[in-house]
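Chemist: Quick one: this structure, given as C-alpha cells, is what I'll be asking you about.
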Amino acid sequence: MRLVVMVEEQSMEELLGVLLPRLLPNNVSALIIPHTGKDDLQKSIPKKLRAWKSQSDKFIIVHDRDSSNCVKLKNDIRLLCRNSKNDCLIRIVCGELESWYLGDLNAVSRAYGKDYTPLSAKRKYREPDNLANAKDELRKLIPAYQPISGTKKIAGYMDIDNNTSHSFNVFVDGVRMMCRA
C-alpha cells in the first residue's frame with residue numbers, strides 16, 4: 001500500500017519525511033507531494049485525483065487552518081475530492097505547523113539546546129492549536145526560527161505519541177487508521 005500525502009508547503013514535506021517512516025508499518029510507503037501554498041494545493045487536488053492511475057493508493061490531504069473555520073475548510077476540501085475513486089483522508093492542521101512543534105516542547109528543547117519544557121505548564125502550550133499565530137509564538141522563544149531549517153532541527157526529536165496538539169494527534173490517528181484499512 002502507498003499513501004500519497006498532499007501538503008501545502010516544503011516545511012510540512014520535511015516534517016512528514018521524518019515522521020512518516022517512524023509511523024508507517026513496513027508494508028506501507030509514502031509519497032509526499034508539496035505545493036507552493038494553499039491555493040496551489042487546492043487547485044491541484046481535483047486534478048491529481050482525477051489523473052491518478054493507481055486505484056490502490058490512498059490520499060491524505062494536509063492543510064493549515066490558519067484563520068479559517070475548520071469545519072467549512074474541511075467541507076470545501078471534501079468537495080474538491082468528490083469525484084475521486086481513491087480513498088481520501090483530510091487533516092486540518094489547527095493553526096499552523098508550528099502548533100505541532102509547540103505541542104512537543106521537549107523536541108523543541110532538544111533541537112535548540114535550551115529547556116523549554118517548563119512552559120508546558122502554561123495553557124497556550126497545553127492547547128497550542130488555539131494559538132492565533134503559533135509561528136510568531138515560536139519565534140518569541142527562538143528568534144532565529146525559520147520554517148524549513150526549524151523543521152529539519154525539530155522533526156527528528158518529535159514524539160509521535162506525546163504531543164499536546166490535538167490536530168497532530170488526529171493526524172497521527174488518521175494515518176494509523178488508513179494503514180489498518
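The values are calculated or read from the model by the stated rules, or taken from the named source; none is laboratory data. Just so we're clear, the structure is a prediction, and the values are computed from it rather than from any experiment. Every residue, glycine as well, gets a Cβ built from its backbone with ideal geometry; the counts of neighbours run over all protein chains shown. Surface accessibility is based on the protein's heavy atoms, side chains included, excluding ligands, DNA and RNA. Shrake-Rupley method; radii C 1.70, N 1.55, O 1.52, S 1.80 Å.
Chemist: Checking the condition buried (at least 18 other Cβ atoms within 10 Å of the Cβ), part of a strand (DSSP E or B) and out of contact with any Ser or Thr (no Cβ under 9 Å at 6 or more places or on another chain), which residue from Leu16, Leu3, Leu41, Leu89 passes?
Modeler: So the residue among Leu16, Leu3, Leu41, Leu89 that is buried (at least 18 other Cβ atoms within 10 Å of the Cβ), part of a strand (DSSP E or B) and out of contact with any Ser or Thr (no Cβ under 9 Å at 6 or more places or on another chain) is Leu89.
Chemist: May I ask you to list pairs of residues, at least six apart or on different chains, whose Cβ atoms are under 9 Å apart, with the first in segment 42-55 being closer than 10 Å to Cys81 by Cα and in contact (Cβ under 8 Å) with a residue 24 or more places away in the chain and the second being open to solvent by 50 Å² or more (accessible area, probe 1.4 Å) and of a type in the set (S, T, N, Q)?
Modeler: Pro46/Asn83; Leu49/Asn83; Arg50/Asn83
Conditions (1) β-branched (Val, Ile, Thr); (2) within 30 Å of Trp52 (Cβ to Cβ); (3) open to solvent by 80 Å² or more (accessible area, probe 1.4 Å), marked per residue:
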{"residue": "Lys85", "(1), (2), (3)": "no, yes, yes"}
{"residue": "Val93", "(1), (2), (3)": "yes, yes, no"}
{"residue": "Gly113", "(1), (2), (3)": "no, no, no"}
{"residue": "Pro147", "(1), (2), (3)": "no, yes, no"}
{"residue": "Thr164", "(1), (2), (3)": "yes, no, no"}
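Chemist: Select from segment 124-136 the residues that are touching a helix residue (DSSP H, G or I) at 6+ places or on another chain (Cβ under 9 Å) and over 16 Å from Asn106 (Cα atoms) and list them in ascending order.
Modeler: Of everything in segment 124-136, those that are touching a helix residue (DSSP H, G or I) at 6+ places or on another chain (Cβ under 9 Å) and over 16 Å from Asn106 (Cα atoms) turn out to be Asp129, Asn130, Leu131, Asn133, Ala134, Lys135, Asp136.
Chemist: Touching a residue at least 12 places away in the same chain (Cβ under 8 Å), among the small types (Gly, Ala, Ser) and in contact with a helix residue (DSSP H, G or I) (Cβ under 6 Å, 6 or more places away or on another chain) - does that describe any residue in segment 80-87?
Modeler: So far as segment 80-87 goes, yes, one or more of its residues are touching a residue at least 12 places away in the same chain (Cβ under 8 Å), among the small types (Gly, Ala, Ser) and in contact with a helix residue (DSSP H, G or I) (Cβ under 6 Å, 6 or more places away or on another chain).
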